[in-house]
Amino acid sequence: MTHLHHGEGRIEIICGPMFSGKTEELLRRVRRAQIAKQPTVIFKPATDTRWNPNAVRSHDSNELPSVLVKNSHEIREWMNRQPRHVPVVAIDEVQFFDDGLPRLCAEMANAGHRVIAAGLDLDFTGEPFGCMPELLARAEDVTKLSAVCVETGRPAHFSHRISGGNATVEVGEKDRYIPLARQAFVAAREASQSKEPTKTS
């Protein structure tokens, strides 16, 4: 990441709720770069245990090979080992990464890499998720996708957890999450909180 390629580096963020097509859009952009004969790499977090650990896969079952990493430090190490400039760097499920990722993405963009990062912007409680807020602030381009609300059919921007625990990070599919529009999400959150057992001292 030491060779500058002025005019090429940038950060592109693809965000939205579960089932909004974030990974599909990331894969589409990577495929277009590959058609243009540009070297690419896709990183995915070790936290994401779904499907093939050596590939990024969308809900539509499309996939491309990827590099499994535990944190942003391992991304940096991988990039530093490359003998040639890799112009397109894609990172999926960025909300699972540590707080060092936004600065690393900025460093890569400054060094001439096109960084494409996709992930959830909100967690299951409707709060900003992980390092995504800082990534959004640092990005030149932000694409916010919506899913389809299973209750109203309207555009959905929230991911409601229908099963599992209360941990912020719980990987799952349609067995654990559904996309909801704001009012449906608020109602669902209120209903689920009312069902929680009351704590006694």
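Where a number appears in this text, it was derived from the coordinates with a stated rule and is not lab data. All values reported here derive from a predicted model rather than from experimental measurement. Positions of Cβ are backbone-derived with ideal geometry, glycine not excepted, and every protein chain shown enters the neighbour counts.
Taking 0.36 nm per residue of separation and subtracting the Cα-Cα distance, full extension of the segment from Val150 to Glu127 would add 6.2 nm.
Looking at the square roots a ≥ b ≥ c of the eigenvalues of the Cα gyration tensor of region 10-145, which shape do they give, rounded for a/c under 1.5, prolate if a/b is larger than b/c, or oblate?
Details: a/c = 1.37, a/b = 1.18, b/c = 1.17.
It comes out rounded by the Cα gyration axes.
Annotation: extensible slack from Ile35 through Asp99 equals 19.8 nm (criterion: 0.36 nm per residue apart, minus Cα-Cα distance). In this rough spin-label picture, where each label sits 7 Å from Cα along the Cβ direction, the Arg176-Glu107 distance is 3.1 nm.
Converting phi to 3J(HN,Hα) with the Karplus coefficients 6.51, -1.76 and 1.60 and the offset θ = phi - 60°, region 29-35 yields 5, 5, 4, 5, 5, 5, 4 Hz in sequence order, with x at every glycine or proline.
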